[in-house]
Amino acid sequence: MVDYRRKADEIREAAKLMHLKVLVWGPGDPGRRASADSKKAYQKRLQIKQEIKGAFPRSEVHFSEDKEMVDLAKGLHGQLRKEAFQAIASDLVIMLDLGRGVDLELDHFLPTYSWFPPKVFLLLPRKYVNSKGLVKEVYDHLKPDQIGGFTPRQFDKCHVATCMALDAALAYAFDKLARGIID
């Protein structure tokens, strides 16, 4: 079993060295006068970005509003079109669903573009994971392993950024690595 563990560690490390282009969608910077909850939500998005950058050193991790990403979509009109362009250029889109913006992106992109759902990992409060009706119909575009529900405690204890988002990136990196080996 020692050889299996050693090989598993080698594969995991190789996956972490894959070059990934990761887009992190979620709450934007609410400004200094915002509520504590709004600030906390944005801080979690920042933490997700930093954790992925730290764990996957060859990867590029951005927000849509980063200058590099804004420049990437230069010349396109309409926010949804710009975000679609950025998402096409990305390998993985991690969506921290804590507000109306991400809900709109989910509602629009998941059913509209067949290329989009395989790129998504959705992080949202656990109480919404098994939603019914129209929300369920939108979520049905994702596989169960693309949805991570978290509790308030997991959110506060950084589990969302240090475990859930990193696990999603590792899974995508491993899949990319495996496709390269198999192809």
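Exactly one condition in (1) in contact (Cβ under 8 Å) with a residue 12 or more places away in the chain; (2) closer than 25 Å to Val138 by Cβ is not met by Pro118; state its number.
For Pro118, the failing item is (1).
Given Ala41, Ala36, which one is out of contact with any His (no Cβ under 6 Å at 6 or more places or on another chain), under 19 Å from Pro125 (Cα atoms) and surrounded by fewer than 11 Cβ atoms within 10 Å (Cβ to Cβ)?
Ala36
Is there a residue being modelled with pLDDT of 95 or more, under 20 Å from Ala165 (Cβ atoms) and β-branched (Val, Ile, Thr) anywhere in the stretch 69-91?
No, the conditions are met nowhere in the stretch 69-91.
Looking at the stretch 128-145, can you tell me whether even one residue there is touching a residue at least 40 places away in the same chain (Cβ under 8 Å) and assigned to a helix (DSSP H, G or I)?
Pass one, the stretch 128-145, residues touching a residue at least 40 places away in the same chain (Cβ under 8 Å): none.
No, because not a single residue in the stretch 128-145 is touching a residue at least 40 places away in the same chain (Cβ under 8 Å) and assigned to a helix (DSSP H, G or I).
Residue-wise test of (1) over 19 Å from Phe155 (Cα atoms); (2) surrounded by 14 or more Cβ atoms within 10 Å (Cβ to Cβ); (3) among the charged types (D, E, K, R).
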{"position": "Gly26", "(1), (2), (3)": "no, yes, no"}
{"position": "Gly31", "(1), (2), (3)": "yes, no, no"}
{"position": "Glu65", "(1), (2), (3)": "yes, no, yes"}
{"position": "Glu68", "(1), (2), (3)": "yes, no, yes"}
{"position": "Ala84", "(1), (2), (3)": "yes, yes, no"}
{"position": "Val102", "(1), (2), (3)": "no, yes, no"}
{"position": "Pro125", "(1), (2), (3)": "no, yes, no"}
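Please go through the stretch 164-175 and give me each residue that is in contact with a helix residue (DSSP H, G or I) (Cβ under 8 Å, 6 or more places away or on another chain) and either surrounded by fewer than 17 Cβ atoms within 10 Å (Cβ to Cβ) or more than 28 Å from Arg58 (Cα to Cα) (or both), ordered by number.
Ala171, Phe174
Go through (1) acidic (Asp, Glu); (2) farther than 17 Å from Val22 by Cβ; (3) at pLDDT 95 or above for Asp66 and report which single condition fails.
(2) is the only condition that Asp66 fails.
Which one is nearest to Pro111 (Cα to Cα) among residues in the stretch 123-159 that are β-branched (Val, Ile, Thr) and in contact with a helix residue (DSSP H, G or I) (Cβ under 6 Å, 6 or more places away or on another chain)? Full working, then the answer.
Let us first name the residues in the stretch 123-159 that are β-branched (Val, Ile, Thr), namely 129, 135, 138, 147, 151.
Those still in the list that are in contact with a helix residue (DSSP H, G or I) (Cβ under 6 Å, 6 or more places away or on another chain) too: 138, 151.
On the way: Val138: 7, Thr151: 27 Å.
The residue in question is Val138.
Within the stretch 105-118, does at least one residue satisfy the condition of being assigned to a helix (DSSP H, G or I) and acidic (Asp, Glu)? Even if it seems obvious, please write down each step before you answer.
First pass over the stretch 105-118, keeping only residues assigned to a helix (DSSP H, G or I): 105-112, 117-118.
Now restrict to residues that are acidic (Asp, Glu): 105, 107.
Yes, the stretch 105-118 contains a residue that is assigned to a helix (DSSP H, G or I) and acidic (Asp, Glu).
Could you please give the count of residues in the stretch 5-51 that are of a type in the set (Ser, Thr, Tyr) and more than 20 Å from the chain's Cα centre (by Cα)?
Residues meeting the conditions: 1.
The values are calculated or read from the model by the stated rules, or taken from the named source; none is laboratory data. Quick caveat: nothing in here was measured; it's all calculated off a predicted structure. Here Cβ is always computed from backbone atoms with ideal geometry, including for glycine, and neighbour counts include all displayed protein chains.
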